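The values are calculated or read from the model by the stated rules, or taken from the named source; none is laboratory data. Please read these numbers as outputs of a predicted model, since none were measured by experiment. When we count neighbours, we look across all protein chains shown, and the Cβ atoms used for this are built from the backbone with ideal geometry, even at glycine.
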Amino acid sequence: MKAMRIEGDWGLENLKQVDLPDPEPGPGEVVIGMDAVSINPRDLILAGGGYGRVGGTPPLIPLCDGAGKITAIGDGVENFAVGDLVCPTYSRLWMRGLASPDAYKGAHGGPLDGTAQEMMLIPANAVVRTPRHMSAEEAATLPCAAITAWNALAEQGDVKPGDKVLVQGTGGVSLFALQFAKAMGAEVYLISSSDEKLERAKAMGADHLLNYRDVPDWHKSILKMTDGKGVDHVVEVGGSGTLEKSTAVVRYSGTISMIGVLGGASGEFGLGRVVTRNLRLQGVTCGSKEMFENMVRALELHQIRPAIDPAAEFQLKDLAKALKSLPEGKHFGKIVGIV
């Protein structure tokens with residue numbers, strides 16, 4: 001089989017297509033014939049060695065998002081059949097509960113081999129059936145991006161009908177957050193630097209839209225929209241670039257779920273407001289298998305489909321080029337690759 005693998009040392013220049021033996025399942029294992037993958041900022045950081053020892057060591061097959069059909073089953077596997085369309089979980093060691101060191105030790109795409117391969121050998125208990133209404137390309141967006149948004153709002157966030165949710169940007173996690181928030185009955189405020197992307201977000205259900213290039217003090221505008229009370233929940237992706245404004249726009253005793261640091265991972269930030277406003281600031285990274293299964297039921301119930309940018313679709317052999325395009329931010333939603 002063919003796979004994309006980081007060889008020798010970290011860096012996209014060392015991401016090569018390689019030929020590997022076809023895997024054979026042992027007891028309790030299955031082989032997934034990968035049909036599609038999708039990429040996340042995490043994958044770009046890992047490819048550059050940005051997670052240190054947590055990300056493992058080369059040689060390493062990257063990516064944690066993907067979907068495909070089971071092609072072979074080992075002894076003792078009873079819950080799956082050949083031909084089932086499935087996703088690997090984000091981590092094969094995170095079955096339930098909140099994150100732990102063990103959860104990250106079992107993460108696909110670093111430190112363990114990921115989905116950027118034609119055939120993926122994986123324990124059957126680290127596999128989840130895809131939503132029945134989704135194609136493999138659609139389901140390939142779920143293991144990291146969708147579960148992060150679900151975890152932030154449904155598992156750790158406890159969003160309720162009528163809540164006001166602020167979503168930053170129009171990347172994969174942000175648009176899943178928009179869709180989940182609307183399904184939960186929330187009112188969604190969304191900010192972006194692109195009027196065209198704002199219109200597309202509006203078509204997906206966003207209630208209030210702001211271009212943060214035109215309105216740099218977007219937090220003040222949203223406070224006015226909410227009669228000075230603020231929003232109940234912020235899906236924070238900008239890190240040091242937006243966090244201080246997020247603490248100003250969220251209501252007293254509100255929640256900020258930090259799922260990314262695209263605007264910077266470090267910088268000066270006044271902590272006083274977090275204390276005086278009784279804010280809950282929580283980091284969110286992906287989720288457990290149990291969360292994944294909960295999310296699949298919600299996706300099926302509400303017939304939610306991911307936002308995929310068809311103009312950004314790539315072939316697996318062009319993975320390095322696709323990863324390099326992520327910081328440009330031209331895409332809307334998820335970038336999917338065909339295996």
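Brief remarks on what is shown
- Check on V86, part of a strand (DSSP E or B) and either touching a residue at least 24 places away in the same chain (Cβ under 8 Å) or among the aromatic types (F, W, Y) (or both): yes
- Long-range neighbours under 7 Å by Cβ, at least six apart or interchain, first residue more than 14 Å from S246 (Cβ to Cβ) within region 213-225, second among the hydroxyl-bearing types (S, T, Y): R213/S193; V215/S221
- Test: residue in region 91-106 that is assigned to a strand (DSSP E or B) and surrounded by 24 or more Cβ atoms within 10 Å (Cβ to Cβ): yes
- Taking region 5-37 as the range and being within 21 Å of G50 (Cα to Cα), of a type outside the set (D, E, K, R) and touching a Lys or Arg at 6+ places or on another chain (Cβ under 7 Å) as the test, only L12 passes.
- Boolean, V296 is in the same structural domain as M95 (by the TED database), modelled with pLDDT of 90 or more, of a type in the set (V, I, T) and touching a strand residue (DSSP E or B) at 6+ places or on another chain (Cβ under 7 Å): yes
- Strands (runs of 3 or more DSSP E) fully within region 246-339 that include at least 3 residues being among the hydrophobic types (A, V, I, L, M, F, W, C): 250-258.
- When R273, R280, R297, R305 are checked against the criterion of being free of Cβ contacts under 8 Å to residues at least 60 places away in the same chain and closer than 20 Å to T89 by Cα, a single residue qualifies: R297.
- Count - residues of region 2-41 that are modelled with pLDDT of 95 or more and at positive phi: 2
- For the residues N125, N151, the requirement of being of a type in the set (S, T, N, Q) and surrounded by fewer than 20 Cβ atoms within 10 Å (Cβ to Cβ) singles out N125.
- The test for being buried (at least 19 other Cβ atoms within 10 Å of the Cβ) and either under 21 Å from the mean Cα position of the chain (by Cα) or not assigned by the TED database to the domain that holds A136 (or both) holds for L323.
- The residues on offer are V77, V30, V82, and the sole one that is buried (at least 17 other Cβ atoms within 10 Å of the Cβ), over 27 Å from T148 (Cβ atoms) and over 17 Å from the mean Cα position of the chain (by Cα) is V77.
- Condition check for V296: within 16 Å of N151 (Cβ to Cβ) and hydrophobic (A, V, I, L, M, F, W, C): yes
- Scope region 154-200; condition basic (K, R), part of a helix (DSSP H, G or I) and in contact (Cβ under 8 Å) with a residue 40 or more places away in the chain; matching residues: K197, R200
- I335 vs. criteria among the β-branched types (V, I, T) and crowded, with 23+ Cβ neighbours inside 10 Å: yes
- Some residue of region 227-248 being more than 25 Å from A154 (Cα to Cα), modelled with pLDDT of 95 or more and either surrounded by fewer than 17 Cβ atoms within 10 Å (Cβ to Cβ) or in contact with a Phe, Trp or Tyr (Cβ under 6 Å, 6 or more places away or on another chain) (or both): yes
- Set G329, G287, G333: member being closer than 30 Å to P101 by Cβ and under 16 Å from the mean Cα position of the chain (by Cα): G287
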